[in-house]
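Input: a single structure, listed below in structure tokens.
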Amino acid sequence: MARTLPVGAYWLIGAVGTSRIVTRLHPVAYRWFGSAGPIGRSFGMRSVVLTTIGRRSGTAREVPLYALELDDRFIVIGSNGGKERPPAWVGNLLAAPDCTVRVGRQRVIPARAREAEGDERERLWAQAVASFPGYARYQQRTSRRIPVIVLEPTGPSA
């Protein structure tokens, strides 16, 4: 069970974590430093860089995310800090589910994304909230149901 932070801390984490500067600079820092320190793991969750194909642009898009590691899968949460609009990467994955997950400096895993539903979604959501209670706060801030995305490896790591 993760340590609970003051309510304002979750808002700050969501606001900073979804800011343009962080989402642009974090993948660069992650390639340089790998998974060292807070770049690699926070709140009991691994930090990864997800690469999707933009559904409108057709170009590769990198986004830093917290991920739960379960067996060989990664579970990511489309919270967008509790904003009413889901993050763009969720729409990109629903349009084109093939992606890559960068874990550390050198490990890049090809994967296929799918949205968890039903009992699986509830079980994974509970695990995510146990690791990072901010997700529950984000759900309270929005009327949309926050998606739980499962990233399943499709081949060997590069």
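The values are calculated or read from the model by the stated rules, or taken from the named source; none is laboratory data. If you're wondering where the values come from, they're calculated on a predicted model, not measured in any experiment. Every residue, glycine among them, receives a Cβ derived from its backbone with ideal geometry; neighbour counts consider all protein chains shown.
Among residues of the stretch 127-153 being assigned to a helix (DSSP H, G or I) and of a type in the set (F, W, Y), the one that is nearest to L68 (Cα to Cα) is Y135. Taking the criterion of being among the aromatic types (F, W, Y) and within 13 Å of V76 (Cα to Cα), the residues of the stretch 118-158 that qualify are W125, F132, Y135. The set of residues from the stretch 54-98 being surrounded by fewer than 17 Cβ atoms within 10 Å (Cβ to Cβ), of a type outside the set (D, E, K, R) and assigned to a strand (DSSP E or B) comprises A60, L70. Here the condition is being acidic (D, E), touching a Pro at 6+ places or on another chain (Cβ under 8 Å) and either in contact (Cβ under 8 Å) with a residue 12 or more places away in the chain or closer than 18 Å to M45 by Cα (or both); of E84, E69, E115, it holds for E115 alone.
T52 falls short on exactly one of the conditions (1) in contact with a strand residue (DSSP E or B) (Cβ under 9 Å, 6 or more places away or on another chain); (2) farther than 26 Å from P156 by Cβ, and that condition is (2).
Inclusion of E152 among residues that are among the acidic types (D, E), surrounded by 14 or more Cβ atoms within 10 Å (Cβ to Cβ), out of contact with any Gly (no Cβ under 7 Å at 6 or more places or on another chain) and closer than 18 Å to M45 by Cα is warranted.
So that you can scan it fast, the table gives a plain yes or no per residue for (1) modelled with pLDDT under 90; (2) within 15 Å of the chain's Cα centre (by Cα):
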residue	(1), (2)
A96	no, no
R105	yes, no
S143	no, no
P147	no, yes
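So is A126 at pLDDT 95 or above and either under 23 Å from T51 (Cβ atoms) or surrounded by fewer than 21 Cβ atoms within 10 Å (Cβ to Cβ) (or both) or not? Answer is yes for this residue.
Sort through A96, A126, A60 and tell me the only one that's over 12 Å from I149 (Cα atoms), free of Cβ contacts under 8 Å to residues at least 12 places away in the same chain and in contact with a strand residue (DSSP E or B) (Cβ under 6 Å, 6 or more places away or on another chain). It would help to see each step written out before you state the result.
On the way: A96 fails: free of Cβ contacts under 8 Å to residues at least 12 places away in the same chain; A126 fails: in contact with a strand residue (DSSP E or B) (Cβ under 6 Å, 6 or more places away or on another chain).
Checking each option against the conditions leaves just A60.
With the structure loaded, tell me whether R73 is at pLDDT 95 or above and not hydrophobic (A, V, I, L, M, F, W, C) or whether it fails that test. Reasoning before the result, please.
On the way: at pLDDT 95 or above: yes; not hydrophobic (A, V, I, L, M, F, W, C): yes.
When the stated conditions are applied, R73 passes them.
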